[in-house]
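Below is one structure, written out as C-alpha cells, with a few remarks after it.
The values are calculated or read from the model by the stated rules, or taken from the named source; none is laboratory data. Remember, predicted model here, so these are calculated numbers, not experimental data. In this analysis, Cβ positions are derived from the backbone assuming ideal geometry, glycine residues included, and neighbour counts consider all displayed protein chains. Side chains included, ligands, DNA and RNA excluded: accessible areas come from the protein's heavy atoms. Shrake-Rupley method; radii C 1.70, N 1.55, O 1.52, S 1.80 Å.
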There are 4 protein chains.
Amino acid sequence: MAHRGFASDNNAGTHPEILQAILAANEGHTLGYGDDPYTHRAIETFKRHFGEDADVYFVFNGTAANVLGLRAVTESYHAVICTATAHIHVDECGAPERLAGVKLLTCETPDGKLTVTHVQQHMHGFGDEHHIQPKVISVTQSTELGTLYTVEEIRALADYAHAHDMMLHMDGARICNAAVALGLPLRAFTRDAGVDVLSFGGTKNGLLGGEAVVLFPPRARNDAFKFIRKQGMQLASKMRFIGAQFEALLCGDLWQRNAANANAMAHRLAERVRDVVEIAYPVQANAVFAVLPKRHIPALRARSFFYEWASADDERAVVRWMCSWDTTAEDVDDFAAAVREVVGRR
Amino acid sequence: MAHRGFASDNNAGTHPEILQAILAANEGHTLGYGDDPYTHRAIETFKRHFGEDADVYFVFNGTAANVLGLRAVTESYHAVICTATAHIHVDECGAPERLAGVKLLTCETPDGKLTVTHVQQHMHGFGDEHHIQPKVISVTQSTELGTLYTVEEIRALADYAHAHDMMLHMDGARICNAAVALGLPLRAFTRDAGVDVLSFGGTKNGLLGGEAVVLFPPRARNDAFKFIRKQGMQLASKMRFIGAQFEALLCGDLWQRNAANANAMAHRLAERVRDVVEIAYPVQANAVFAVLPKRHIPALRARSFFYEWASADDERAVVRWMCSWDTTAEDVDDFAAAVREVVGRR
Amino acid sequence: MAHRGFASDNNAGTHPEILQAILAANEGHTLGYGDDPYTHRAIETFKRHFGEDADVYFVFNGTAANVLGLRAVTESYHAVICTATAHIHVDECGAPERLAGVKLLTCETPDGKLTVTHVQQHMHGFGDEHHIQPKVISVTQSTELGTLYTVEEIRALADYAHAHDMMLHMDGARICNAAVALGLPLRAFTRDAGVDVLSFGGTKNGLLGGEAVVLFPPRARNDAFKFIRKQGMQLASKMRFIGAQFEALLCGDLWQRNAANANAMAHRLAERVRDVVEIAYPVQANAVFAVLPKRHIPALRARSFFYEWASADDERAVVRWMCSWDTTAEDVDDFAAAVREVVGRR
Amino acid sequence: MAHRGFASDNNAGTHPEILQAILAANEGHTLGYGDDPYTHRAIETFKRHFGEDADVYFVFNGTAANVLGLRAVTESYHAVICTATAHIHVDECGAPERLAGVKLLTCETPDGKLTVTHVQQHMHGFGDEHHIQPKVISVTQSTELGTLYTVEEIRALADYAHAHDMMLHMDGARICNAAVALGLPLRAFTRDAGVDVLSFGGTKNGLLGGEAVVLFPPRARNDAFKFIRKQGMQLASKMRFIGAQFEALLCGDLWQRNAANANAMAHRLAERVRDVVEIAYPVQANAVFAVLPKRHIPALRARSFFYEWASADDERAVVRWMCSWDTTAEDVDDFAAAVREVVGRR
C-alpha cells in the first residue's frame, strides 16, 4: 500500500486529473517555449481569475517564482522586507540575494505574519546612497507557520507599501490553501487587496511540477520579463506540459478540492491531538505545528517522518506536520493515534 | 491527426514509456528534493553508464545543466572557450555570464566543431590579473550544426585542456544522438575521452523534461554542488518525476531507440532533398541544414514551420530541419515532397 | 580659518606627513599596478606588523576592503554573521550581498559588540542545501558605536568560528584607534587573537585615501586575490601613491599619534558634556554618542554639522560626534560649550 | 635622476599643478562623499565642457568608469558591442560581465576602430528571449591601438545606435589626447557627436588618480546612479581630493598641455624610428606600435621596459611605446637612438 506522511505537502504525488491533462497534451508536436495551445489556454485561465491585464509566466519551481518575481520589480540597490521565518530568507540558500540581487531585511514576528509596525523598523535611509533602498514588502500566504492573513491585513500592508512607492509581493506557494481557508476567490486577497507580484504555487497543490509568476499592473509590469525568465534558466522547452497542468488545476474547481482536503485534514489532525500536545500556532491552512518533548520525536518519526522546525526549549521542540491534497482521514487518525500513544508514554 | 514537424526536436512530446514511468512513480508519498527511490535508481543508472564515482545532479532544463555545470568548476575570473555558434553563447540570453559568472571567448569555425588550433588564439594572459583566465573548453556533441566530434577529436581537446590545467565541458543536449551516430557507449566519447563536465540532455530525446549535470573526477568535483543547484533555482521538490524519467530512458535501450530514429530520419530527409537543395553541413546526427532560396521559405513554412538559421547571401538562407524520436518515414517523405515541390517552382 | 567639525573622521583632510610622502613618491616613472618600490615597501611594513606570511592588498576604500576581503574567503552559498549595526549591513548599500555574493545574518546587540551567544542563533542548517551556510563571523573594531572588543572577546569569537570551520573577519576601518585604546600592537588583537581576514583602514586615520585587505594564513589564503581585486575594480594603476601613504603611516608611529589624538579628543568631549547629556555607549575610541532632545539638534548643527544616528524616543535622538587626527582641544572645548549652551536652553 | 620610460602613460606621476590643487584642498574639514566645494566646482567645470545637464560622477579608476557607466544604461540581458581589442574585453578581467552584468560581443578590426559594418554582424535576435539583446556600442577614443575616430565616424556609429534604440559608450581613458589630436573641444566629438555615456580619463593625463562617468541626456539618465556607484565600491569618502584634481585639470588648459606633449612625443618617436622599424598603426595620439624582431626585444627592454602587445609572426612582435604628459624630447631621442642601435645589430 502506498505510504502517505506528514513531512511536507510536496511529498505527495500528482493528482490523477493533472496526470490526465499531461497525457492529453502529449499529442503530436507543438512549438516550444510556451507558444503552444496548452500554455495559451492556461494563461487565459489565470487571466479569468486575476484579470485580463495580469502578466503570467510559468516557471519550474517556487524558488524561481519568488526570485524572478522579485527580480522583475527591483534593482540591485533595493531591499525586500520580510519575516525572519520567510521561505525566501531561510529556505532558498541565498538565491534572492544572488539571483534577484536584492537584500532581505527581516522582522521577528510571533506568528509568521508581517504588520506595518514590523515593517516600519526598516523604513529609513531613503535617498541615502549608503543605505539599501526598501522597495518590496513580501508576505507568504498561507504563511510558513500555517497561519493566514486576512484581506484587511494584506490591504493594510499594500496601502502602506504603495504610499511609500513600494510594492507588495506574495509568496503563494500555498495560495490555494489560503483561498479555501478564507472562502474567497483567488483575486480577492491578492490583486484586489493590493498585491503587485504573486508567486502562484501549483506543485504543493497536486501538480507534478509548475509555478507561476503573476505581475499585476499598474505597478508591477516588466516587458522584459521573458528575458529575465530565460536568463534565469526557467524557460521550459516543452512548456505545454506545465501549461496543461495549470489549465487542469484552475479551469474548474480542482484547485479548491485539493486545498480543501489538505486544510480539512490539518484541522482534523489538530483536533485529534490538541489535548495531548500544545499546538504552537493557529491552524488556519494545511499545517499543524506542535510542541513535542524531544525524547518522543524518534519514536514518532519511526511511524512517519516529519521535520523538527525549531527548538522550543531544552526539552521540547516545535515540529511541523503538513497535510496534502491526498491525505485521508484514515491517515490522520492513524497518525493522531500514534501521537497519542507516543506522547502518552512516560 | 497529430501534427509533427521539423522545427525542433523539443517540439516532440514525451515518449510513452517515459510517461508510463511517471505514472508508475505517482504512488503515495516520497521525500522531496531527490531523497526518493526513483531518483536514487536513476543516479545508479547513470553510474552504470559513466562510472561509480561520477557525480550526477538532475536539473530542469539544458540552460541550467550548462550554466550550473560550468559554475561548478569555475571562478568568476575564469573564461570558457567555445565556438561562436555554441548554444551557451547564442541561445542562453547571457545566462552563463550572469549565473555561472564566466566570460565566454568564442572561435569562428566552419562546422561548429572546435579544434586545438581554434582554442589557441585565446590561450594567453595566464597569471596576468588584467586578463580573464581561460579554465574550460566547451564543446557541443552533437553540435548545434548537426555535426559530430570523433572520439579522437574530443580526446585531443581534452588532452590540450588538461595539459593547461583546464577542463573540458560537453554540452550534451543531444548526447544520445551522438552516441548512436558514433556507435559507442555513452562513456566512450565523454569520460573516457577526457570530458570533465557533462550536460546530459534528456528533454530532446523523449523526456517530458529533465537534464543532468555529470561531474567526472578527478578534475571535476564539487562537494558544494548541492548548494549551487539549490541556489541556482534548480532543485525540484518532486524530483522523483525527473528521476523516474531518466531511469526509464537509460536503464534499457530507450535512449538508443529514440536517438536512432531521429538520426535515421535526418539522413532520410537529407537523401530525399539533396538533389534539389544544398546541404550546408555533413548530416551526422538528427539535424539537416539546407541552403534555401529565401523566396521559397514562406511557402514551405506554411506546410511545416522551421527556423531560418542564418543568411547565406542576399537571396539564400540556411534553414534547419530537426528530426525527433517520433518523426516517421511518412513525415519525412511528405516534407521532402513539399521541399521538392516548392523549390522546383519558378 | 579652516573649519573642523565632528560629523565624521573622514571629514578631516590628509596628515602633512602623508602628503609629504605622496610628494616624495612623485618622482619619474614607476611600473603601474603595484610593481613599484613604494608599494613594495608598504607591504613590507605591513608584514613587519602582522607577520611575514600575511598577504596584503591595497584597495581604494573601506567598502572594497570589506567586500573583497569577504569575497576572498567565501562562496556564494555562504553567510556572514554580524551585528545589526555593522557597517557592512547598514552602510554599504548591499555591496556585500551583490559583490562579495554573501548573505548577511544579523544579531541585535546592546553595544555593537558580537558575542558567541549572539552568533549561536544563526548556527544551524549546516549541510542543508536549502539553508545558506554560515562561514564568517564579522566584527568591527573599534565598533560603529565607538566601543571596543577586548583581546579575550575577539579570541572567544575566533575560537568559536574556527571550531565550526568558519573564519573571523574584522572591519578595521578604525583599527588604529582600537590599537591605541587597547594599548596593544596591531597584531595582538587581530592575527594573534585569531582574526583571519582584516580590513585595515587608513583613510579615517589621516590618509588621503587607501585601505588594505590583509589575509592571514593558514585559514585565509587566496592565491587568486589579485584577480578578485582587479575584477572588483580596485586595482590602482598609480598604486605607488597608496603605497607611499601606508608606508608613511605605519613605518613609524604616525598611526599611533593620529589615533591617539582622535581618541583623546573624544574622551575630552565626553567629559565636558557628560553632566548635561546622556552618553549612549562607553566612549572607548574616537566616537561619542549622545542622547539629545530632538528640538536642540538644529541649533547645535548650525554650529557644526553632525549625524543623527537613531531615534531614542519621540523626543530624543542618539547623535554621533566623531573626533579626528586633527581635532584640537580648542575644537572640543568650543563644541562642548555650544552643547552646554544649547542643551541648557528651555 | 628620475627615470621615465615608454611602458605606459600610467607609469608617469602626478603633474605638479595637480599636486598643488591637492595641497590646496587639504584645508580643514569638509563633508565626505562629494558634498564639498572642490567636488562641486569640479562638476561645474565638467558641465562647462559638456553642458549644464550632463551628469558627472567621479570614481577611482578606469575599470570602474567603464563598468559603472555601462551598468547605468543596461540590464542583465543586454549586450555591448565592441572591438576584440577593446580594453573592456581584454584588460578588465571580466569586470564588465560580472559587475555591469552585460555580455560583450566583439568584432575583429584592422585598427581598433569599430564601424557600422562591424557592428551589424551582431544586430540580430532582437525580441528573441533566447538571445542577448544588443543595447550599447562601445568605442575607445583614442583607441587601444593609438588610432583616432573622426567626428564623422563617431557620429555614424551614434546615429546607427540611436536608430536601433541603442546607446553609444565611449571609453575615454585617453580622451584628452584625442581632443588635442582632433583639435576639437571635448564636447565636439563626444556629446555633440552622439555619445551617450562617457568614461572620462584623468589618471593617464597627469592626475594622481581619478576618472569620471559622464551621462548625457536625453538617452543616458540614471537617477539611481549614486546607489550604483556606492554599491559598486567607488564612492570616495574624501572625494574632495578627486574633485580638486579634476578642477585643476579642466578649468584651464592643463588637460590640453599634458595631452599635447604626450601626442607630440609619440609623433617624434615614430618619426625617429620609422626608417628602421615598421610602425604598425597610424600614430594619431600618444601611442606608437612598432613591429620588432623578437630577438631584439630583451636588449631594448633593458634600456627601458615596454610591453609586447602581440605576436606578428614567428620572428616578430608588435610592441607598444606610450608617451606621457612628462615625456621629454630628450627621453624620446635617447630611446629612439637605442632602438636604432639595437635594431641595427645583426
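Take the conditions within 24 Å of B:S237 (Cβ to Cβ) and surrounded by fewer than 22 Cβ atoms within 10 Å (Cβ to Cβ) and apply them to A:L23. Does it pass?
Details: within 24 Å of B:S237 (Cβ to Cβ): yes; surrounded by fewer than 22 Cβ atoms within 10 Å (Cβ to Cβ): yes.
Yes.
Exactly one residue among D:G146, D:G127, D:G112, D:G94 is within 14 Å of chain A (Cβ to nearest Cβ), modelled with pLDDT of 95 or more and at positive phi, and that residue is D:G127. Residues that are more than 19 Å from the chain's Cα centre (by Cα) and of a type in the set (S, T, N, Q) do occur in the stretch A:290-304, at least one of them.
D:Y38 falls short on exactly one of the conditions (1) open to solvent by 30 Å² or more (accessible area, probe 1.4 Å); (2) assigned to a strand (DSSP E or B); (3) among the aromatic types (F, W, Y), and that condition is (2). Here A:V139 meets each of (1) of a type in the set (A, V, I, L, M); (2) part of a helix (DSSP H, G or I); (3) closer than 30 Å to A:G252 by Cα; (4) open to solvent by less than 10 Å² (accessible area, probe 1.4 Å) with one exception, condition (2).
In the condition set (1) among the aromatic types (F, W, Y); (2) more than 14 Å from chain B (Cβ to nearest Cβ); (3) buried (at least 24 other Cβ atoms within 10 Å of the Cβ), C:Y281 is compliant with all but (3). Among the numbered conditions (1) touching a Ser or Thr at 6+ places or on another chain (Cβ under 8 Å); (2) surrounded by fewer than 24 Cβ atoms within 10 Å (Cβ to Cβ); (3) assigned to a helix (DSSP H, G or I), the only one that A:G5 does not meet is (3). Among the residues making up the stretch B:61-71, those that are assigned to a helix (DSSP H, G or I) and either more than 11 Å from every other protein chain (Cβ to nearest Cβ) or within 26 Å of B:D9 (Cα to Cα) (or both) are B:G62, B:T63, B:A64, B:A65, B:N66, B:V67, B:L68, B:G69, B:L70. Could you please let me know if D:A163 is farther than 14 Å from D:N66 by Cα, small (G, A, S) and touching a residue at least 40 places away in the same chain (Cβ under 8 Å)? When the stated conditions are applied, D:A163 does not pass them. Residues of the stretch D:95-112 that are buried (at least 24 other Cβ atoms within 10 Å of the Cβ) and assigned to a loop (DSSP other than H, G, I, E, B): D:V102 alone.
Is there a residue being open to solvent by less than 20 Å² (accessible area, probe 1.4 Å), under 15 Å from A:D196 (Cβ atoms), part of a loop (DSSP other than H, G, I, E, B) and away from every other protein chain (no Cβ under 14 Å) anywhere in the stretch A:74-85? Within the stretch A:74-85, none of the residues are open to solvent by less than 20 Å² (accessible area, probe 1.4 Å), under 15 Å from A:D196 (Cβ atoms), part of a loop (DSSP other than H, G, I, E, B) and away from every other protein chain (no Cβ under 14 Å). A single entry from C:W255, C:W325 fulfils the requirement of being of a type in the set (F, W, Y) and touching a His at 6+ places or on another chain (Cβ under 8 Å): C:W325. Taking every residue in the stretch B:16-27 that is in a loop (DSSP other than H, G, I, E, B) and pairing it with any residue that is of a type outside the set (G, A, S), at least 6 positions away or on another chain, the pairs with Cβ-Cβ distances below 7 Å are B:N26/A:T14; B:N26/A:L19. Can you name every residue in the stretch A:311-331 that is surrounded by 14 or more Cβ atoms within 10 Å (Cβ to Cβ) and either modelled with pLDDT under 95 or away from chain B (no Cβ under 14 Å) (or both)? Scanning the stretch A:311-331 gives A:A312, A:R316, A:A317, A:V318, A:V319. Just to verify a result, which residue in the stretch B:253-276, among those that are touching a residue at least 40 places away in the same chain (Cβ under 8 Å), buried (at least 22 other Cβ atoms within 10 Å of the Cβ) and among the aliphatic types (A, V, I, L, M), is nearest to B:D333 (Cα to Cα)? Out of the qualifying residues, it is B:L269.
D:R155: within 14 Å of chain A (Cβ to nearest Cβ) and in a helix (DSSP H, G or I), yes or no? For D:R155, the condition - within 14 Å of chain A (Cβ to nearest Cβ) and in a helix (DSSP H, G or I) - is not met. Just give me the residues in the stretch C:319-346 being more than 15 Å from C:K294 (Cα to Cα), within 24 Å of the chain's Cα centre (by Cα) and of a type outside the set (A, V, I, L, M, F, W, C), in sequence order. C:S324, C:D326, C:T327, C:T328, C:D331, listed by residue number. Taken over the stretch C:33-60, residues that are out of contact with any helix residue (DSSP H, G or I) (no Cβ under 7 Å at 6 or more places or on another chain), within 14 Å of chain D (Cβ to nearest Cβ) and over 18 Å from C:A224 (Cα atoms) amount to 2. Among the residues making up the stretch D:142-184, those that are among the charged types (D, E, K, R) and touching a helix residue (DSSP H, G or I) at 6+ places or on another chain (Cβ under 7 Å) are D:E144, D:R155, D:D171, D:R174.
What do you reckon, is A:Y38 at positive phi and assigned by TED's automatic domain parsing to the domain that holds A:K135? So A:Y38 fails the test.
Let's see how each residue does on (1) open to solvent by less than 10 Å² (accessible area, probe 1.4 Å); (2) within 14 Å of chain C (Cβ to nearest Cβ):
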| site | (1), (2) |
| --- | --- |
| B:V180 | no, no |
| B:G183 | no, no |
| B:R191 | no, no |
| B:K204 | no, no |
| B:V213 | yes, no |
| B:F216 | yes, no |
| B:N222 | no, yes |
| B:K230 | yes, yes |
| B:F241 | yes, no |
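If the condition is being assigned to a loop (DSSP other than H, G, I, E, B) and of a type in the set (S, T, Y), then the stretch C:113-136 contributes only C:T115.
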